[in-house]
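Quick notes on the structure that follows.
The values are calculated or read from the model by the stated rules, or taken from the named source; none is laboratory data. Bear in mind that the values here come from a model prediction, so they are computed numbers and not experimental data. As a convention, Cβ positions derive from the backbone with ideal geometry for all residues, glycine included, and neighbour counts pool all protein chains shown.
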Amino acid sequence: MNDLIEGFDVDTDLLLTEQEMHTFSGRHAVFPHHEVLTTDKCIQITGVLPKIKEWRDEDRAGKHPGGPAPYVDDRTILVVLLLLAREHAPLNETAIAEVMHRRLTKESRDFLGIPQALPPRNPEKGGTEEKNWQNHAYNAFQRILDTMDPHLDTKGNRRRLLNNAERQAILTARDLNTMRRKKERLDWFSQQLLQMTFTMQPRRLRRRQRVANISVDQTPVPVYTKRGTRKNQQTGEEYERLVKEMDAAWYKKPDDYVWGFAANFAVSCGSNLGEETDFPITIRAFTLSVPNVDIPGEAVKLGQQLLNAGHSAGRFSVDRGYSSNSSVDQFHKPVRNMGYQPVFDFTKRELGEKEGGQNGSIYVEGAHLCPGTPEELINASIRANELEFDEKTYRALIQERSLYELRNKEAPDVSGKVKKMCPALGKQAKIECPLREIHPESSEKPKPRVLKRNVPTKPDKICCNTSATFVENDETIKSKQHLRYGTREWATVYQADRNMVEGMNGYIKDEHAENLASAGRRSASGLAAQQVLVTMLIVSANMRKLQSFLKREAQEAIKTIKAIYPRSRRRDFAGWGTYKRRWGPKHESIYVPGRDQPLEITALRT
């Protein structure tokens with residue numbers, strides 16, 4: 001009979017061994033070697049490993065070459081991080097160390113070049129092998145971050161709380177050029193990993209996305225520490241508040257504030273307007289920034305990253321926070337100079353007639369209109385916003401208003417100058433006006449007519465000349481977009497594009513998958529660490545999207561095959577049934593009495 005624990009009726013042979021205790025809770029399954037090989041292949045595709053080495057050599061130029069090679073290199077850390085991201089596990093040094101300590105096969109260890117075991121350091125002081133692995137994981141991860149951390153000056157202070165004076169001293173001493181160079185490296189790193197998720201798609205899907213039609217948005221990325229600065233709402237004075245994550249800030253949501261960073265996403269959108277996409281919707285470009293700092297600049301950076309990757313510029317859809325709250329030089333000009341076609345909405349104060357009219361025209365919501373345009377059409381968007389009529393009526397008014405738009409006589413030149421002509425002039429006239437004679441070859445189809453009360457008392461060039469030169473200015477550039485505002489086409493495209501990016505934001509915040517909204521999932525300090533970890537989550541989300549798309553595509557193919565070839569019972573196509581009609585050999589042709597030529601069987605079969 002086995003011994004019993006004193007005071008408890010438990011057999012001592014049933015107790016857990018020390019080895020079993022290590023796997024009692026948490027993730028402990030060993031990663032298959034083939035999965036390690038695949039993940040390593042993904043990292044190799046990105047090309048980031050030689051670049052990180054190049055950056056490290058550049059930063060250490062003229063310094064001591066350093067000590068011996070570390071046990072854990074850059075490749076191992078990135079492979080393990082991607083394994084954990086795909087497993088939807090926490091991304092921190094403890095999880096990394098656990099993988100290297102217990103969750104790799106001997107074959108995988110040899111492949112990655114890490115030791116089979118690490119003897120504990122200072123065992124007399126309580127050191128363990130587990131702690132040794134954690135130290136190596138932390139140091140290896142920090143070596144990667146050091147090459148692209150724009151806020152490396154705060155590295156020694158990230159484990160303690162800083163007051164206002166300490167934070168200000170760090171900010172004052174910063175080298176802006178070094179910060180800019182490191183941030184460029186960091187953004188390049190993220191883009192290479194996201195580009196890898198595009199490269200891994202089948203060729204047929206990549207070809208459908210040659211033109212980059214994107215929708216851009218921001219979403220908060222909370223950090224592990226919830227401490228932040230506060231301001232007196234009346235005096236604007238900042239309270240003395242101890243802060244650990246000094247480069248984070250408050251991200252304002254409609255009903256809440258989040259202390260952390262801002263993720264800037266560019267999500268792929270459909271090529272065919274208003275139709276379901278024939279490729280997976282993924283995050284195509286990403287940067288991490290401080291909330292409320294250079295929001296339009298981060299959006300422009302996303303568009304440029306895709307051009308650098310070899311894509312052609314397509315639509316560039318944004319919400320009103322970008323188009324209305326940004327200056328022309330910050331957002332509108334850079335987007336158009338890159339070749340993108342902006343699509344956005346207007347705020348209430350931007351509706352109706354605004355500055356920008358030239359040569360007698362009326363400038364309304366991105367379009368130059370005839371000065372005789374009825375007021376009901378000029379204010380159609382304002383009235384619709386005040387709920388004076390339904391959508392169908394509004395779309396009809398916008399369509400009617402389009403007839404009053406000035407027509408381009410020729411293509412714009414490189415400076416943006418373009419000659420426009422009156423919409424009542426020529427045989428392609430859309431309206432009739434008392435100031436213009438009807439062209440003899442003009443269509444006899446009924447046209448709207450400018451009322452006498454709307455005819456300008458002092459006609460300008462657009463009413464008197466055959467054409468007038470229009471020059472782009474800040475007012476016209478800011479409100480000009482790819483599609484005519486207010487039309488059903490514009491509404492369909494804008495709504496679809498915004499739904500794409502909002503849907504992707506929700507997808508990556510799935511609590512059972514990447515869980516971007518959970519700060520505990522990414523318990524690391526600093527903007528660089530957060531951007532690297534969020535990048536891994538985006539890669540995981542993009543891979544999930546691709547797998548779901550391919551699975552759905554295969555299911556649709558099976559449905560199509562079943563519709564063409566209905567399934568038969570096995571006993572029928574195997575010839576087991578006694579009642580099944582049997583047939584003889586095939587014939588290419590057969591003689592039929594009364595026909596001059598044999599009956600061609602092949603033609604009938606087709």
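Residues that are in a helix (DSSP H, G or I) and either farther than 22 Å from residue 518 by Cα or touching a Ser or Thr at 6+ places or on another chain (Cβ under 6 Å) (or both) within segment 90-104 comprise 100, 101, 102, listed in sequence order. Taken residue by residue, segment 33-51 has at least one member that is in the same structural domain as residue 136 (by TED's automatic domain parsing) and closer than 18 Å to residue 133 by Cβ. Of the helices (runs of 4 or more DSSP H) lying entirely inside segment 373-445, the ones with 3 or more residues being surrounded by 16 or more Cβ atoms within 10 Å (Cβ to Cβ) and at pLDDT 90 or above are found at 380-385, 391-402. Could you tell me which of the residues 83, 78 is touching a strand residue (DSSP E or B) at 6+ places or on another chain (Cβ under 8 Å), aliphatic (A, V, I, L, M) and either assigned to a helix (DSSP H, G or I) or in contact (Cβ under 8 Å) with a residue 40 or more places away in the chain (or both)? From the options 83, 78, the qualifying one is 83.
Within segment 527-566, restricting attention to residues that are of a type in the set (Gly, Ala, Ser) and surrounded by fewer than 11 Cβ atoms within 10 Å (Cβ to Cβ), which residue is farthest from residue 40 (Cα to Cα)? Steps first, please.
Taking segment 527-566 as the starting set, the residues that turn out to be of a type in the set (Gly, Ala, Ser) are 528-529, 540-541, 548, 554, 557, 563.
After this cut, where a residue has to be surrounded by fewer than 11 Cβ atoms within 10 Å (Cβ to Cβ) as well, the list is 554, 557, 563.
Numbers: 554: 27, 557: 32, 563: 41 Å.
Taking the candidates together, the pick is 563.
Please list, ordered by first then second residue, the pairs with beta carbon atoms under 7 Å, 6 or more apart or interchain, first in segment 426-444 and more than 22 Å from residue 459 (Cα to Cα) and not assigned by TED's automatic domain parsing to the domain that holds residue 403, second surrounded by 15 or more Cβ atoms within 10 Å (Cβ to Cβ) and charged (D, E, K, R). Close Cβ pairs (under 7 Å, with a partner that is surrounded by 15 or more Cβ atoms within 10 Å (Cβ to Cβ) and charged (D, E, K, R)) do not exist here. Take residue 119 and decide whether it is over 24 Å from the mean Cα position of the chain (by Cα) and of a type outside the set (Lys, Arg). Here the answer is yes, as residue 119 does meet what is asked. Entry remark, segment 446-458: residues being in contact (Cβ under 8 Å) with a residue 40 or more places away in the chain, of a type outside the set (Val, Ile, Thr) and part of a loop (DSSP other than H, G, I, E, B) number 4 in total.
Residue 121: assigned to a helix (DSSP H, G or I) and assigned by TED's automatic domain parsing to the domain that holds residue 78, yes or no? Full working, then the answer.
Working: assigned to a helix (DSSP H, G or I): no; assigned by TED's automatic domain parsing to the domain that holds residue 78: yes.
Judged against the criteria, residue 121 is not a match.
May I ask you to verify whether residue 560 is over 25 Å from the mean Cα position of the chain (by Cα), assigned to a helix (DSSP H, G or I) and modelled with pLDDT of 75 or more? Criteria met by residue 560. One residue alone among 293, 300 is at pLDDT 95 or above and assigned by TED's automatic domain parsing to the domain that holds residue 205, and that residue is 300.
Of the candidates 414, 450, the single residue that is farther than 28 Å from residue 477 by Cβ and among the aliphatic types (A, V, I, L, M) is 450. The numbered conditions (1) among the hydrophobic types (A, V, I, L, M, F, W, C); (2) within 22 Å of residue 522 (Cβ to Cβ); (3) surrounded by fewer than 16 Cβ atoms within 10 Å (Cβ to Cβ) are all true for residue 152 except (3). The residues listed here are 520, 506, 526, 486; of these, the one that is free of Cβ contacts under 8 Å to residues at least 12 places away in the same chain and not assigned by TED's automatic domain parsing to the domain that holds residue 404 is 506.
Quick check on this structure: which one of 302, 307 is among the aliphatic types (A, V, I, L, M), surrounded by 18 or more Cβ atoms within 10 Å (Cβ to Cβ) and closer than 22 Å to residue 188 by Cβ?
Values: 307 fails: surrounded by 18 or more Cβ atoms within 10 Å (Cβ to Cβ).
Exactly one residue qualifies, and that residue is 302.
Where helices (runs of 4 or more DSSP H) sit wholly within segment 287-366, those with at least 1 residues that are among the acidic types (Asp, Glu) and at negative phi occupy 295-308.
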